[in-house]
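The values are calculated or read from the model by the stated rules, or taken from the named source; none is laboratory data. As the structure is a computational prediction, the values presented were derived from the model and not from experiment. Positions of Cβ are backbone-derived with ideal geometry, glycine not excepted, and every protein chain shown enters the neighbour counts. All accessible areas refer to the heavy atoms of the entire protein, side chains included, with ligands and DNA or RNA removed. Shrake-Rupley method; radii C 1.70, N 1.55, O 1.52, S 1.80 Å.
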Amino acid sequence: LKSLDLLVSLNSAVSQTLEEIAHAVFKSWFIDFDPVKAKMAGEKPVGMDDAMAASFPDSIQDSALGPIPSGWKLQSLSEIGEFRNGLAMQKFPVVDDGSVLPVIKIAQLRAGSTAGADLASGLIDPKFVISDGDILFSWSGTLEIEHWAGGPGALNQHLFKVLGKTVPDWFIYSSSRSHLPEFRKIASGKATTMGHIQRAHLDEAKVAVPPAALLEAVGGFLSALVAKKVALLVENRTLTEIRDALL
């Protein structure tokens, strides 16, 4: 039991480190534009091979939010991603066929687990079924964005399932995460109701979006970090189930 607990703890620490690495790399490459600045200075970008470095431009252009790399577009989060709102799952009670799903609410997202969750019919539209690796964004109450690793579930209201529409999932995740402090500030200002953001705020949140060829050139590295992070969290779920069964 002690060994299982230790492995869960180690997996959690490594997963958190992978998240921090991915965020730091994303900020350097796609917010601070460090590779572009390096090439403008006649230097080789740090932390990437020649093929990846070649995909970044060596000049900047003006935009509504200030200088961005040449050839990149300024787009909103709602343009590059789909933010699929959940359903009021109390309208989908369990039926007699035995097909059920735990309801994923804000509490389950924060815990990363379906323990103690309400149940809903498993016959809901598959668009609202959650799987490991899906991106969930709580837009009301406690604003969080996370990769889900708690197993199958039903997407409740007040949660978005976020998908890349014109960009890879790793890009929409990190872009949304970079705007999270701003969204939390907006939500905290709604003193007369439960803090939340609206779709208009997703329209207003702008991101510098590279060409598809650049996203493909660097995507293997960043998507691998995400995949490893999710795999460790899923393994933790299995280890916890084994520990609890032994207890």
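Observations on the model:
- Debye, to nearest 20: dipole size of the range 142-245, +1 on Lys, Arg Cβ, -1 on Asp, Glu Cβ: 200
- Dipole magnitude of the chain, debye to nearest 20 (Cβ charges: Lys/Arg +1, Asp/Glu -1, about Cα centre): 500
- R0 of 25 Å, Cβ-Cβ distance Lys27-Ser63: FRET efficiency to nearest 0.05: 0.90
- Carbon + sulfur, % of accessible area of the chain - ligands and nucleic acids excluded, 1.4 Å: 56
- Divided by 2.2 N^0.38 Å, where N counts the residues, the Cα radius of gyration of the range 22-139 comes to 1.62.
- Partner lysines for Lys44 [C-alpha distance under 30 Å; skip if fewer than 8 residues away on the same chain]: Lys27, Lys73, Lys206, Lys228, Lys229
- Highest-fluctuation residue, Gln157, Gln61, Gln108 considered, GNM on the chain with Cα pairs under 10 Å: Gln61
- In the context of the full set of protein chains, the range 34-125 has a per residue accessible area of 56 Å² (1.4 Å probe).
- Ordering Val14, Leu65, Ala41 by Cα displacement along the dipole of the chain toward the positive end leaves Leu65 in first place; charges were set at the Cβ atoms of Lys, Arg (+1) and Asp, Glu (-1).
- Structure-derived Rg and Dmax of the Cα atoms in Å - corresponding label in [x] 17.3, 56; [y] 20.1, 68; [z] 18.6, 54: [y]
- For Glu144, net neighbour charge (Lys/Arg +1, Asp/Glu -1) across residues whose Cβ lies under 13 Å away: +2
- Amide H to amide H, with H built 1.01 Å from N, Leu119 comes under 5 Å of Val103, counting only residues 5 or more places away or on other chains.
- Label-point gap, in nm, between Leu4 and Arg199 - each point 7 angstrom along Cα→Cβ: 4.5
- Amide hydrogen neighbours beyond the local backbone of Ile60, cut-off 5 Å, H modeled: Ser70
- Relative contact order (%) - the range 106-224, alpha-carbon pairs under 8 angstrom, separation at least six: 22
- Percentage relative contact order, the chain, counting C-alpha pairs under 8 Å, at least six apart: 26
- Length added when fully stretched, Val129-Lys91, from 0.36 nm per residue minus Cα-Cα: 12.2 nm
- Against the main long axis of the alpha-carbon atoms of the chain, helix 169-178 sits at an angle near 80°.
- Point-charge dipole on Cβ atoms (K/R +1, D/E -1) for the range 5-146, about Cα centre, debye to 20: 300
- Extension gain (nm, one decimal) between Leu246 and Ala227, 0.36 nm per residue minus Cα-Cα: 4.0 nm
- Whole-angstrom gap from the range 15-89 to the range 112-188, using each part's C-alpha centre: 22
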